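For reference, the structure is listed below as structure tokens.
The values are calculated or read from the model by the stated rules, or taken from the named source; none is laboratory data. Remember, it's a predicted structure, so these values are computed and weren't measured experimentally. Here the Cβ positions follow ideal geometry from the backbone for every residue, glycine too, while neighbour counts run over all protein chains shown. The protein model used for the area step is the full one, side chains on, heavy atoms only, and it has no ligands, DNA or RNA in it. Shrake-Rupley method; radii C 1.70, N 1.55, O 1.52, S 1.80 Å.
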Amino acid sequence: MIKQNKCAICQKPFTHSVKLLELINFQPFLFNQCCQPCYQEFLKIDLSKKHCPYCLKQLDKTQSICSDCLRWKKENKNKFVYHTSLFYYTDSMSTFFSHYKFEGNLELAKVFAWDLFSYLKPLLKEYTLVPIPLAPNTFQQRGFNQVIELLSSGGLSYDNFLIKPKETISQTKKSKKERLSLEQPFLWNPTYKKVENKKKIILVDDIYTTGKTIACARQCLLNKGFKNIRSFSLAR
């Protein structure tokens, strides 16, 4: 089955062939709303290359773990968040997020819809997705939570277990030293009064840098008794 569509990035028409897997999963209209030339600008993480086993940061031949994860190892007594991502944070991905997050182009949330669905949907049998929240002022200015819109574009369910009551300076505007000194910005969402803390959790963010945001969110969940916590981001 062939469908005509319009690329969310360049606005040019492109054709989309409905895959057998889409029909099996009853998702015949879920696809990456992006033409092939635009999609090829993004660089998927190549697992054949040497990466940190905990966060997928590329390593040189002498490293077995990245410096950030070594820091988390010392701070958390050898306990790690196992993080996965789909794409490297390249110039093309930076431009994408600039248009998506800061210029408010919500159509761009659909660019990776199928990628997110095909990776995360099978995990929902065991895990609950928990998006990283925005502070109220940021949400009001932006009008949307970019992580939630990405998940929604892929038809993925989630729970807002966390809230961020106060504004903090964007991690993208900080130096690495400033990112790592981030104090706990998250709290448990009081609207979730009775939650089974045996649930397995995947924290979801848009971009992974040093891992400090994920570490803070993880600690908040650990304080509520959750033990099995992983994390995921579209890019790192």
(Q) Just to be sure I understand, how many residues within the stretch 123-137 are out of contact with any Phe, Trp or Tyr (no Cβ under 6 Å at 6 or more places or on another chain) and surrounded by 15 or more Cβ atoms within 10 Å (Cβ to Cβ)? (A) 7
(Q) Which count do you get for residues in the stretch 197-216 that are charged (D, E, K, R) and assigned to a strand (DSSP E or B)? (A) 3
Q | Identity of the residue in the stretch 34-64, of a type in the set (D, E, K, R), touching a residue at least 40 places away in the same chain (Cβ under 8 Å) and assigned to a loop (DSSP other than H, G, I, E, B), that ends up nearest to ILE9 (Cα to Cα) | A | GLU41
Q | Hits in the stretch 138-166 - residues which are part of a loop (DSSP other than H, G, I, E, B), open to solvent by 50 Å² or more (accessible area, probe 1.4 Å) and among the basic types (Lys, Arg) | A | LYS166
Q) Within the stretch 81-99, restricting attention to residues that are surrounded by 14 or more Cβ atoms within 10 Å (Cβ to Cβ) and of a type in the set (S, T, N, Q), which residue is farthest from LEU47 (Cα to Cα)? A) SER92
